[in-house]
Amino acid sequence: MSMNTLIKCTASGLLLFSLNGCALDRGLSPESGGEQVSITVKVPQNLAAEPMQVIYRSAKCPIKRSGPDWSSFEVDGYLTTTVQPLQQGNSNLYETKLAINGGGGCQWQLSNVTFGVTYANTTHFGQKVKPASGGGVIVMFDHHLAQRRSAFDPTEEVSGDLLIRKDYYPRVSEHFIGGHEKLAWLVGEGGTYLYYRAPNARKVKFEPILHANYVLYSVGPKVKEKGNFTRYTYPDGSVVADRISDPNFKKLQAIRLEQSR
């Protein structure tokens, strides 16, 4: 190996050695002018666009895993990075553009992106109300499952660009067991996240519609005893408290549509 080759190999970062003895650079290094996907979030009042969690994968830089019988096998390596979407002028649109081919010695390929909205301002709910989860989206650009989901979560398959326009409702929950706290959530038709697989999408836009005047309140039990359940009070004044109750998105939709007639 010549001195020039040694210098080039060392400068690239000694993280993974190739067959010729040079260390592969495991960092992202997308080509200028390469193909990109644009992800835009339209942010309602009192909410904020969350930082985007971006996963790239590489078949060229695999990692080893162990099976239940202690056998060893390889899976595609992955790299995680966080990107803060940028506000577009004075609008409520926040956008980031991500390289499809992340480049580098590992030839990283965009795998999935987690993004969404959460409460930035909760003062209208009262004092000491903290923002919680809800309003999340995961878009997968390859065949891999995202880290934050199981094989049982429903995934919508999309052939082209993706427009996500969904209804959300505020939920303010009060908890006592394990410490007193109040949290502001977003209740949508899915769970914390909506899941999409869109390998050909080059434009992804998320437009959450927040029905801020239709608040679901819930109060948890103060003592963990049989027969003590979380009490849900819906915008129409109806109350539900039983063993199997969770925030009911369909009920919230029905209340809003009935009252808007």
**Asked** Mind checking which pairs have a first residue in region 122-139 that is more than 15 Å from P208 (Cβ to Cβ) and a second that is part of a loop (DSSP other than H, G, I, E, B) and polar (S, T, N, Q), Cβ under 8 Å, 6 or more apart or different chains?
**Response** T122/N46; H124/N46; V129/T122; K130/T122
**Prompt:** Based on what the data block shows, is P199 within 23 Å of V117 (Cβ to Cβ) and part of a loop (DSSP other than H, G, I, E, B)?
**Reply:** no
**Prompt:** Of all the residues that make up region 127-171, how many are of a type in the set (G, A, S) and in contact with a Gly (Cβ under 7 Å, 6 or more places away or on another chain)?
**Reply:** 3
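Matching residues to (1) at pLDDT 95 or above; (2) polar (S, T, N, Q):
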position	(1), (2)
I7	no, no
V54	yes, no
A59	no, no
G77	no, no
V83	yes, no
Q87	yes, yes
**Prompt:** Within the set of pairs 6 or more residues apart or between chains, which connect a residue that is over 20 Å from E31 (Cβ atoms) inside region 106-120 to a residue that is of a type in the set (D, E) with Cβ atoms less than 6 Å apart?
**Reply:** G116/E50; T118/E50
**Fill in**
Restricting attention to region 92-116, the residues that are of a type in the set (S, T, N, Q) and under 22 Å from G136 (Cβ atoms) number exactly 5
**Prompt:** Out of the residues in region 203-240 that are within 30 Å of the chain's Cα centre (by Cα) and among the small types (G, A, S), which is nearest to E50 (Cα to Cα)?
**Reply:** A212
**Request:** Please enumerate the residues belonging to region 107-163 that are more than 22 Å from T40 (Cβ to Cβ), assigned to a loop (DSSP other than H, G, I, E, B), over 16 Å from the mean Cα position of the chain (by Cα) and among the hydroxyl-bearing types (S, T, Y).
**Result:** T122
**Fill in**
Apart from one, (1) part of a strand (DSSP E or B); (2) loosely packed, with under 14 Cβ neighbours inside 10 Å all hold for S218; the odd one out is (2)
**Condition broken by G227, with the remaining ones in (1) at pLDDT 95 or above; (2) surrounded by fewer than 16 Cβ atoms within 10 Å (Cβ to Cβ) satisfied** = (1)
**Answer from S150, S173 - the residue that is modelled with pLDDT under 90 and hydroxyl-bearing (S, T, Y)** = S150
**Item:** Breaking point among (1) out of contact with any Phe, Trp or Tyr (no Cβ under 7 Å at 6 or more places or on another chain); (2) over 15 Å from G116 (Cα atoms), for T82
**Value:** (2)
**Asked** Only one residue in A120, A132, A184 is touching a Phe, Trp or Tyr at 6+ places or on another chain (Cβ under 6 Å), small (G, A, S) and surrounded by fewer than 22 Cβ atoms within 10 Å (Cβ to Cβ). Which one?
**Response** A132
**Asked** Can you find a residue in region 198-212 that is touching an Asp or Glu at 6+ places or on another chain (Cβ under 9 Å), farther than 30 Å from I100 by Cβ and surrounded by 14 or more Cβ atoms within 10 Å (Cβ to Cβ)?
**Response** yes
**Prompt:** Within region 236-249, is there a residue that is in contact (Cβ under 8 Å) with a residue 12 or more places away in the chain, among the β-branched types (V, I, T) and either in a strand (DSSP E or B) or more than 30 Å from A146 (Cα to Cα) (or both)?
**Reply:** no
**Message:** Going residue by residue through region 140-151, is there one that turns out to be buried (at least 17 other Cβ atoms within 10 Å of the Cβ) and in contact with a Leu (Cβ under 9 Å, 6 or more places away or on another chain)?
**Reply:** yes
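The values are calculated or read from the model by the stated rules, or taken from the named source; none is laboratory data. Nothing here was measured: the structure is a model prediction, and the numbers come from that model. So basically every Cβ, Gly included, is an ideal-geometry build from the backbone, and we count neighbours across all protein chains shown.
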